[in-house]
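Read the structure below first, then the notes.
The values are calculated or read from the model by the stated rules, or taken from the named source; none is laboratory data. As the structure is a prediction and not an experimental result, all values here were calculated from the model. Positions of Cβ are backbone-derived with ideal geometry, glycine not excepted, and every protein chain shown enters the neighbour counts. Note: areas computed on protein heavy atoms with side chains; ligands, DNA, RNA excluded. Shrake-Rupley method; radii C 1.70, N 1.55, O 1.52, S 1.80 Å.
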Amino acid sequence: MLDRLFGVLRQAQRPKPKVGSTPAFVVHHENKWRLLRYRPRAAGPAYRTPVLLVPSLINRHYVLDLMPGKSFAEWLVAQGHDVYVIDWGTPSDEDRFVDFDDIADRAIARALRVACKTAGAEQAHVLGYCLGGTLAVIHAARRPERVASLTLLAAPVAFHDDGLLSLWTRTQSFDVAALVAGAGNVPWQLLQSAFHMLRPTLNLQKAVTILDKAWDDEFMDGFLAIETWGSDNVSFPGACYRTYIEELYRADGLMQGSFSLSGLPVRLENVRCPVLAVTFEHDTIVPWQSAAVVLDRVGSSDKHRLHLAGGHVGAVVSKKASKGLWPALSTFWADRDASSSGVEQAAPAASTDREAAPAVPAPAVAATSVTATAGSPEPASVAARAAAAPTTAAPSKGHRAKRRGGRSQNGS
Amino acid sequence: MFGWDLTKQYFNAWENQTAKYLEHWLKSPLLLEPAGAALSAAMKSKAAADKAAADFWGTLGLPTKRDQERTLHALNQLQSRLLDLEERLADKQP
């Protein structure tokens, strides 16, 4: 036991793992949000269609770029994808008026336009993670023009389940209007404590895990990186939160067809691009049933589901993900690139680029149907895409550098 | 080592059972309804206090915090519309 305690003390003296360190450029900045482009590999992107990552509003984007060796973004770049990510930033007091339309319609539309323009492509593959997936599918249903394919990573679409968050927000006494009127932006502490209630004993379990694994530096680096991210939450813009609760949680608007964006109805049947829904068996934040159901509703004939073991975060950032989930996603996009253009999966990587070779063979995505869609035959000059001026993306305005310890159950 | 493994096993069993029990209890309307009511009441009080403060500043002819927030938000919206226009202009250029 004593050696375990010494192990914990030793861990306390080690430097904290560096999170979100894959080099990126800021290609667009508007209000608090930014669009980052990860610096393409030296040989330039290998695929013609860029990938836009849409993270959740209430967690930082760097869960998809956690730390070297455990970074989805870094891995994608190494495979030759041209990767963009939205960093939603930290809302200020005035952003209590930022509504769902501002985010799911205007911001994502702008991010897609800028990403496509920068990449020299007509469309982009869109990946949404958790609430980011909900935003992405809403956007794709309303504005499908620039969405080459849609990948939904543990993205809730049906909100009437028996989970704690769904039950609580649907109680009569939960007055979301009063909450927004009083708090403005919904404080991250409130959201964090709600997520804590999903597994009230989780912090104890983590304490025991630390004692158990304190000798394992590699494990502890990953653990601390996730904890750093999990403790780095952001508040939810008030007006947007109100719509989220009233229209999605309470009215189940996407399933009932009653949800509207910028005044126009959102119908999931209008999503006709290839769709991949990824669900996780042990996801306590987004039960897989509420994420998988999207495939029953979208109008696409090229739709697939990938169901994996693991939880909401671990299954996305673990070492196992780099051998299963990540290659599956890359293959999904590469196949759609090839089938839509008939031209590229573009210029093969130069043989000198060590990052180019896939680390592992990609597992086949569990296919329900495969359809080659007619798309733009426009060839892309892949080498030209890497020409942006290199400046490492600084943390966005208002980002908290200070780490708050002790929290880790989180929604994304 | 054996002692630690055994302790961990007991802990895991306890944690699993306790979590299940707590999760079940936390989902009970007997807890959720009062929790929602308490949160709503606290927020209504805060909104009332904010309004009282705003009224006070208003009587002095000064802009309230909410006024400033609205103005800043309007500026952000304007910036967004300008970016829209810039994009359209750029698209029209040959």
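Out of all the residues in region A:208-226, which are of a type outside the set (A, V, I, L, M, F, W, C) and open to solvent by less than 20 Å² (accessible area, probe 1.4 Å)? Talk me through it step by step, then tell me what you get.
Here is the first cut: in region A:208-226, the residues of a type outside the set (A, V, I, L, M, F, W, C) are A:209, A:212-213, A:216-218, A:221-222.
Once the filter is applied, which keeps residues that are of a type outside the set (A, V, I, L, M, F, W, C) and open to solvent by less than 20 Å² (accessible area, probe 1.4 Å), region A:208-226 yields only A:GLY222.
Under 9 Å between Cβ atoms, at least 6 apart or on separate chains: pull out the pairs that start in region B:44-62 with a residue that is closer than 22 Å to A:ALA178 by Cβ and end on any residue that is open to solvent by 90 Å² or more (accessible area, probe 1.4 Å) and part of a helix (DSSP H, G or I).
B:ASP50/B:LYS65; B:ALA53/B:LYS65; B:ALA54/B:LYS65
Return the residues of region A:192-202 that are part of a loop (DSSP other than H, G, I, E, B) and open to solvent by 30 Å² or more (accessible area, probe 1.4 Å); say none if nothing qualifies. Reasoning before the result, please.
Step one: list which residues in region A:192-202 are part of a loop (DSSP other than H, G, I, E, B), which gives A:197-201.
Listed by number, the residues that qualify are A:MET197, A:ARG199, A:PRO200.
Can you go through B:LYS44, B:LYS51, B:LYS20 and tell me which one is open to solvent by 100 Å² or more (accessible area, probe 1.4 Å), at the interface with chain A (Cβ under 7 Å from one of its Cβ atoms), of a type in the set (Lys, Arg) and part of a helix (DSSP H, G or I)?
Numbers: B:LYS51 fails: at the interface with chain A (Cβ under 7 Å from one of its Cβ atoms); B:LYS20 fails: at the interface with chain A (Cβ under 7 Å from one of its Cβ atoms).
Just a single option satisfies the conditions, and that option is B:LYS44.
Checking A:ALA181 against (1) surrounded by fewer than 19 Cβ atoms within 10 Å (Cβ to Cβ); (2) within 7 Å of chain B (Cβ to nearest Cβ), which single condition isn't satisfied?
Here A:ALA181 clears every test but (1).
Search region B:24-36 for residues being open to solvent by 50 Å² or more (accessible area, probe 1.4 Å), within 8 Å of another protein chain (Cβ to nearest Cβ) and in a helix (DSSP H, G or I), and hand back the single one that is farthest from A:SER166 (Cα to Cα).
Ranking the candidates gives B:PRO34 first.
Among the residues of region A:278-298, are any farther than 26 Å from B:LYS27 by Cα, surrounded by fewer than 17 Cβ atoms within 10 Å (Cβ to Cβ) and not aliphatic (A, V, I, L, M)?
As a first pass, look at region A:278-298 and keep what is farther than 26 Å from B:LYS27 by Cα: A:278, A:295-298.
Checking which are surrounded by fewer than 17 Cβ atoms within 10 Å (Cβ to Cβ) leaves us with A:296.
Add one more test, that the residue is not aliphatic (A, V, I, L, M), and what stays is A:296.
Yes, region A:278-298 has at least one match.
Can you tell me which residue among A:GLN205, A:GLN189 is at the interface with chain B (Cβ under 7 Å from one of its Cβ atoms), part of a helix (DSSP H, G or I), open to solvent by 40 Å² or more (accessible area, probe 1.4 Å) and not aliphatic (A, V, I, L, M)? Step through it out loud before you land on a result.
Working: A:GLN189 fails: at the interface with chain B (Cβ under 7 Å from one of its Cβ atoms).
The unique qualifying residue is A:GLN205.
Return the pairs, sorted by first residue and then second, in which the second residue is part of a loop (DSSP other than H, G, I, E, B) and of a type in the set (D, E, K, R), the first residue lies in region A:1-17 and is within 14 Å of chain B (Cβ to nearest Cβ), the beta carbons are less than 9 Å apart, and the residues are 6+ apart or on different chains.
What qualifies is A:GLY7/A:ASP216.
Where in region A:213-318 are the helices (runs of 4 or more DSSP H), entirely inside, with at least 3 residues that are not small (Gly, Ala, Ser)? Steps first, answer last, please.
On the way: elements: A:217-230, A:238-243, A:253-256, A:288-292, A:294-297, A:314-317.
Of the helices (runs of 4 or more DSSP H) lying wholly inside region A:213-318, those with at least 3 residues that are not small (Gly, Ala, Ser) span A:217-230, A:238-243, A:253-256, A:294-297.
State yes or no: is A:ARG146 open to solvent by 10 Å² or more (accessible area, probe 1.4 Å) and within 14 Å of another protein chain (Cβ to nearest Cβ)?
Values: open to solvent by 10 Å² or more (accessible area, probe 1.4 Å): yes; within 14 Å of another protein chain (Cβ to nearest Cβ): yes.
The answer is yes for A:ARG146.
Would you mind stating whether A:GLN172 is over 15 Å from the mean Cα position of the chain (by Cα) and at the interface with chain B (Cβ under 9 Å from one of its Cβ atoms)?
Working: over 15 Å from the mean Cα position of the chain (by Cα): yes; at the interface with chain B (Cβ under 9 Å from one of its Cβ atoms): yes.
Answer is yes for this residue.
Please work out if B:THR71 is polar (S, T, N, Q) and within 9 Å of another protein chain (Cβ to nearest Cβ). Give the steps one after another, and end with the answer.
Details: polar (S, T, N, Q): yes; within 9 Å of another protein chain (Cβ to nearest Cβ): yes.
Taking the combined requirement at face value, the residue satisfies it.
Can you go through A:LEU325, A:LEU264 and tell me which one is within 21 Å of the chain's Cα centre (by Cα) and of a type outside the set (Gly, Ala, Ser)?
Residue meeting the stated conditions: A:LEU325.
So for region B:74-87 (the condition being facing chain A (nearest Cβ under 9 Å), within 22 Å of the chain's Cα centre (by Cα) and acidic (Asp, Glu)), does at least one residue qualify?
no
Output the residues belonging to region A:1-57 that are open to solvent by 30 Å² or more (accessible area, probe 1.4 Å) and among the charged types (D, E, K, R). If you could, list the steps in order and put the result at the bottom.
Taking region A:1-57 first, the residues open to solvent by 30 Å² or more (accessible area, probe 1.4 Å) are A:1-3, A:5-6, A:8-10, A:12-16, A:18-21, A:23, A:26-27, A:29, A:31, A:39, A:42-43.
Within region A:1-57, A:ASP3, A:ARG10, A:ARG14, A:LYS16, A:LYS18, A:ARG39 qualify.
Looking at this structure, is B:THR64 over 29 Å from A:PHE174 (Cα atoms), more than 7 Å from chain A (Cβ to nearest Cβ) and either surrounded by 12 or more Cβ atoms within 10 Å (Cβ to Cβ) or within 26 Å of the chain's Cα centre (by Cα) (or both)? Lay out the reasoning, then the answer.
Numbers: over 29 Å from A:PHE174 (Cα atoms): no; more than 7 Å from chain A (Cβ to nearest Cβ): yes; either surrounded by 12 or more Cβ atoms within 10 Å (Cβ to Cβ) or within 26 Å of the chain's Cα centre (by Cα) (or both): yes.
Here the answer is no, as B:THR64 does not meet what is asked.
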